[in-house]
Each structure stands twice: as structure tokens, then as C-alpha cells.
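Read the structure below first, then the notes.
Computed from the coordinates by the stated procedures, all read-outs in this text should not be read as laboratory data. The structure presented is a predicted model; accordingly, all values stated were derived computationally and were not measured. Note that each Cβ is placed from the backbone with ideal geometry, even for glycine, and that neighbours are counted across all protein chains shown.
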Amino acid sequence: MSQFWKPGTEKPRILDDEEGGVLFFSGTPSSSSGFRYSSIEKQRQRLPVYKYRTAILYLVETHATTIIVGETGSGKTTQIPQYLKEAGWADGGRVIACTQPRRLAVQAVASRVAEEMGVKLGEEVGYTIRFEDLTKPDVTVVKFLTDGVLLREMMDDPLLTKYSAIMIDEAHERSISTDILLGLLKKIQRRRPELRLIISSATIEAKLISAFFQTRKRRGLENEELGLQLEPAILSVEGRGFNVQINYAEEPVPDYVQAAVSTVLLIHEKESWGDILVFLTGQDDIDIAVQLLNEEAQTNGKNTSGLIVMPLYSGLPRAEQELVFSPTPRGKRKVVISTNIAETSLTLEGVVYVVDSGFSKQKFYNPTSDIENLVVAPISRASARQRAGRAGRVRPGKCYRLYTEEYFLNKMPAEGIPEIQRSNLVSCVIQLKALGIDNILGFDWPASPSPEAMIRALEVLYSLGVLDDDAKLTSPAGFQVAEIPLDPLISKMILASNQFGCSEEIITIAAVLSIQSIWISGRGIQKDFDNAKLRFAAAEGDHVTFLNVYKGFLQSGKSSQWCHRNHVNYHAMKKVIEIREQLKRIAQRIGISLKSCDGDMQVIRKAVTAGFFANACRLEAFSHNGMYKTIRGSQEVYIHPSSVLFRVNPKWVIYHSLVSTDRQYMRNVISIDPSWLLEAAPHFYNLQRLKPITH
Ligand code: CDP
Ligand code: MG
């Protein structure tokens, strides 16, 4: 493989490999050194954190906050909640919580812990993610949940009284909800000295988090008599990992998907046993890579015999997720093609080779244009090191970076930027307001958001009628919007549907918009796919098209064959039905009556406008290539080819989100009448901005 790859010059890390064996891992039966299964208890004891069990429990007992830093795979997530339970933190009806930024990690980890504890998932060990609650009141004592869900729980229980200990896991990810939680928990601790906080993180960015908790300004020493230390304790769990040899591409690669596929094939051909983990960016490029590898297997069987190719991304059906964690059959090689979820949140046993594209999908927000994008962007050097580390789990491994060493050293940022500094803050502001935190700029942030972004958010919330002149939540609208666990723009759309008499339809649309995609597309079937879509396409746009698909699905008796025939994702549709049921319940709770508009598309579009007026765009008068400009920021945008309005180009549209590749593309688009913008948001569309509407 030498013609393409160049070994890195950085000195390999010499890591602790004192135990030197891999025999305790259940996931490597293809090991040439043989394979022995040992009991779950033994496996638990061999994890690096086990040595620190007593220390961890002592620190948690005596410190309000304990920060635990350790390599991925050392057992932080799966073991610490169990240690706490064993030590009695769940006695007397109390609950131990462990948060994760990613839903898929919540599910995977909860299911693993239930298995280790020998209980049924959803009983003593359960999980909650948005729209899915697998816990039982008074039974569940170890609860995994997303950071976002814990934040929501504070709306009903501001001091989180049912929890005795809360572990904020994967803190290094610096997700927006984790950052907000850290700030809020610091406050809660003052009121609840008996609450214990455990903050755990992979080896990146831990310093900043500990500094955040150290700079606490504590008044009074009221807890001294409890023997409780208020300064945080920091414990570093020494990792076990093997050397990973880093190889860089000699030349920049023009197409990282293709390069990843070729690299997998080369590894399979030249290298000894061991699974391969490939880091790409999202469902779209992962599906393509999976398909390319499978095609290769069909046309060039010998080359790929023994390869089992699997995708890994959020939104994957549960059954497929579980396959990823199942042991590789003897004589086979597993190739998992993943988003950065496998970077630190999930450990896959048996990985010896890592192929790193150097990219991930990241959110970026520009407060000037008020545009938030999901962009494929270079990862940080810290992330690249984490990714490489995944190859050294069972024995010395190799990492193939699909970028040059020069690029790694000089072009990649050292560390990532916290999500709060690259996000639209509308959701964040409304949640804090709902929790009674009014001085948002003065809030104790682990990393402060930009004042411009904050002002933009306040402005939007004000025009949505969610905040009043004093920047307080309006009653009832503001509280109602805050109550719905969705993007406030969607929540406002739902609220507006009540007045327009189309809540049944809008709730369906909201359910569809809250999952990734209801379609199944793929290379080579584009034409079929486009035809299938045409059957549902509505002249008004994608939102109404969703209603047609939903209706078709119900009429088919929720048939999976029907979905298959129409390139509709069956699992996604089942999820839509589930989410819809939950949204219906929430809507009824906040006083929205369920009503159908019986095909009056105008009111549906008006309700969408009531929530999404800020995303209005106008077709450029002399544009021959479908160029639109946003009304608020005059940004150039185009209708995404996946939209039913692609090439139709109505004069006025509203988009749901933007994706940026070579251009800014609007995804999920609906046509509107510009006069509705004025009705929906007179303050927002002041005279200045209205000018283009009048000519
Ligand atoms: O949180 P941290 O990265 O420190 O480690 P962990 O997620 O607690 O994983 C500890 C061990 O449990 C690893 O050896 C994982 O492979 C194993 N595990 C697993 O086999 N299946 C899961 N779904 C989760 C963890
Ligand atoms: Mg973990």
C-alpha cells in the first residue's frame, strides 16, 4: 500500500498495554490468537475504570462535582452508573441519570447496561429520548437520556429532585444542551447539596470544563458540616490502548467517499484480521459507500469475500444498530461506515483499522444573515486523534487518514468550537426563559454565545409573539410554544394551526419534519425514485407532499410493501405515526383542538408561514438558474434538487432548512403569498424589508 500512503512523522504514543491480551473481549472471535468468552462480571472487572471504582465512589461521596476523564472504551459510561447503583445512590426511590448528546448512544448504552445488570431494558435500567420513553416510574433507577431531554425535564422539575446523581457524559462534545445543563446544574447544586454531579469526558477539552466548575463563586460554607467538598475532584482514568500507526494520503484525495472505499478494499486485501471502521459524514455519503462496497462484492467477488459492510448513523432502525455491535463471525471482516458517533460515544470491539475522511457534518450559524447550516467541514486535530485511537482497542492498529500530513498539521483546527458558538439560539433562549432565567447574556456559560446571535434569537422570538416587550415569555403563547419539544418555529406553526383550523395536518407535517427523511433514495435508482415522488408531489410544495404520502400510507393499511413500491422509508413512516401521536397529546394538553381543514391548502400554508416567516425567499426577477434571495439577509439560495418544487421555482417560497454544499440549498420548501408575511410578522417585515414585496 506504499504507493499511496505515507506513514506519519508524529511519534506513536506508547500506551499502557500491560494486560496485553484481548481474550476477554467477546467481539473478536476472528482473533488468530484464539477466543475465549468470559463472564460479563469478568469483562466488567477488566475495564480500566474498574481499578478506580473505590476512588470514584469516594470522590462522589465527598465532592459535589467529580470530573472523570478517560479514553474512549475505558468503561466510563457503562460502569459508573452501575457503581453508583451498587453503592446505594439509587436507594429510597432515587434515580441515577446519565446523559448523552446523541440519541443512538443513549439507546445503545442503556441496552448494554441492562444486559450487564441482567435486567430487561425499560425496567430497572431505562432510557428516554425525545418521543421515546422506555422507563417505568418507581422501577427505573438507572436512566440514560439525552442532554436535551434532561433539560426539558427541568421545566417540570427545576431542581431535578428525583435524581440523586447526574452524570453528564461526553462533556467534551460540548453540545448546546450539555453546555446549558452545566450552567444550570451549577446553580442547582447550590440549592441541592445532596445532588452529586459527575462530568465525564474523553481526553479532549476536559481542562476547560474543570476550570468552569472551579471558578464557581460560592457564598457561605454551609456544606462544610456535611463534609462535602465544593471544589470539583478530577480523576483521570488511565486508558488502555495499543499503538496506532498513522498513515497519511500522499496527495489530497479528490473524493473521500471513493477513496474510503478503495482504502477498505486495500486493507482487506493486504492486512491481517481485524474489523475496519470508516468515518464519513452522514447518511448520504455513508449509504453511497455501503452501496459501492456491496457492488464491488457482486462484480469482484474474490476481492471482497468475507467483508460484512454496515452503516452506522442516527436514525438507523434498532435492528440494524444492534447488528453493528454483534460479534464478527469467524473468518469474516466487519466494515462499519459511521458518522462521528463512533468517535467517542460508542465503542465497537474488534476494530483494528480506521479510515478517517477528515470530515464531519457540523452546524454553523451566521448571525448577520441569520442562517444556520449543516456543513461538511474539516474535523479538528483532537477529533482526528480520537478517531485514530479507535483502531488500538484490541491490538496495535492502523489508521489511514484520507488527507495529507501537511493538511493535518497546518490546516486542521486544533480543537472544535462549542456548538453554542455556532448555532442559532432560538431554542436555547426559549428554554432558559421557560426556566425563569431572564438575564441570558449574564448566565454562567461554560463558553459564552455571541451577543449578535443572542440578539437575533430574541428578535425572532419577539416576532413570533413568544416574548413580550420586556423579553419575558408571553402568556399563553410563549409558554405553549416552550412546552412543545420541537424547534420553536415548528411549535409556533402548530400553535397557529389552531387558529387556522388545520391542526391535524400541521401536526402530521411537524412529525415528518422532525425525522431525517421519509424517502429512500440511492444511486442508480434516481429515475424510479423521482417517478415515485411525482405520484405524491403537490404544487404547493414539500409540506403538502408529505401529507399526500402520509395519506397514502394510511390508506395502504400502513403496508411495508406499499412503502417499498413508492420508495418511502417504512421505518420512518412508523416513526412519523408515533411522533404524531405524541404531538397530538401535547397539543391537546396545551389547549389546541384537533381539527382538519379538509384539503384547504391555503390555511396549511398560512400556518407554515406563521412559524417560518423568517425563512421567506423571493425568486430573483431575472434569474434563469433558479436563484432566490432571502428576504431578511439577501442571501443567495436555491431550491434543493430533492424538493418537489425544484425547477418549478415559484416566486415566493419559505424553506424549512438550508444545506450548504457548493451552494446554499433550501430543503423542504413551500410556496406562499407574500402578503401572508405581513399578516404573520408585521414587526419582522418592517417597511424597509417590505420594499421588495411591493415591486
Ligand atoms: O464510556 P467509555 O467510552 O469509557 O466506555 P463504555 O462505553 O462504558 O464501554 C466500555 C466497554 O463496554 C467497551 O469495551 C465496550 O466495547 C463495551 N460495550 C459493548 O460491548 N456494547 C455496548 N453497546 C457498549 C459498550
Ligand atoms: Mg462513553
Q) How big, on average over all directions, is the shadow cast by the Cα convex hull of the chain, in nm²? A) 31.1 nm²
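Using the crude model of +1 on Lys and Arg Cβ and -1 on Asp and Glu Cβ, and no other charge, please compute the dipole size for the chain relative to its Cα centre, in debye to 20.
Using Cβ point charges on Lys, Arg, Asp and Glu, the chain gives about 520 debye.
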Q. Which far-off residues, 5 or more places away or on another chain, put their amide H under 5 Å from the one on Tyr127, with H placed in the peptide plane?
A. Gly122, Leu134, Thr135, Phe144
Q. How big is the gap, in Å, between the Cα center of the range 473-502 and the Cα center of the range 571-601?
A. 13 Å
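I need the trypsin sites (Lys or Arg not before Pro) found in the range 522-626, filtered to DSSP loop residues with at most 11 other beta carbons within 10 Å of theirs. Numbers along the way, then the final one.
On the way: sites: Arg523, Lys527, Lys533, Arg535, Lys551, Lys558, Arg565, Lys574, Lys575, Arg580, Lys584, Arg585, Arg589, Lys595, Arg605, Lys606, Arg618; in loops: Arg523, Lys558, Lys595.
Those that pass, being in a loop and sparsely packed, are Arg523.
Order by neighbour count: Ser657, Ser200, fewest other Cβ atoms within 10 Å first, most last. Don't jump to the answer; show the numbers that get you there.
Numbers: Ser657 18, Ser200 25.
Fewest-to-most ranking of Ser657, Ser200: Ser657, Ser200.
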Q | Residue (of Gly599, Cys617, Val653) at the positive-pole extreme of the range 558-695, dipole from beta-carbon charges | A | Gly599
Q) Using a simple charge model, +1 on the beta-carbon of Lys and Arg, -1 on the beta-carbon of Asp and Glu, nothing else, what dipole does the range 163-210 show about its Cα centre, in debye to the nearest 20? A) 380 debye
Q | For the range 619-668 versus the range 356-408, the gap between their alpha-carbon centres in whole angstrom | A | 29 Å
Q: Could you pull out every Cys in the chain that lacks a partner Cys with its beta carbon under 4.7 Å away?
A: Cys98, Cys399, Cys428, Cys563, Cys617
Q. Around Val264, with a cut-off of 10 angstrom between Cβ atoms, what is the net charge of the other residues, counting Lys and Arg +1 and Asp and Glu -1?
A. -1
(Q) Greater than 19 Å separation of Cα atoms is the criterion. Which listed pairs, Lys533/Lys651; Lys551/Lys651; Lys143/Lys575; Lys270/Lys332; Lys433/Lys492, meet it? (A) Lys533/Lys651; Lys551/Lys651; Lys143/Lys575
Q.
Tell me which of Ser450, Ser503, Thr545 sits at the most positive position along the dipole axis of the range 449-592, charges placed on C-beta atoms (Lys, Arg +1; Asp, Glu -1).
A. Thr545
**Q.** Cβ-Cβ FRET estimate between Leu159 and Asp138, R0 fixed at 25 Å, reported to 0.05
**A.** 0.80
Q: Grab the DSSP H runs of the chain that are 4 residues or longer, score each as -39,500 (n - 2.57), total them, divide by all residues and round the 222 nm result to the nearest 500 deg cm²/dmol.
A: -11500 deg cm²/dmol
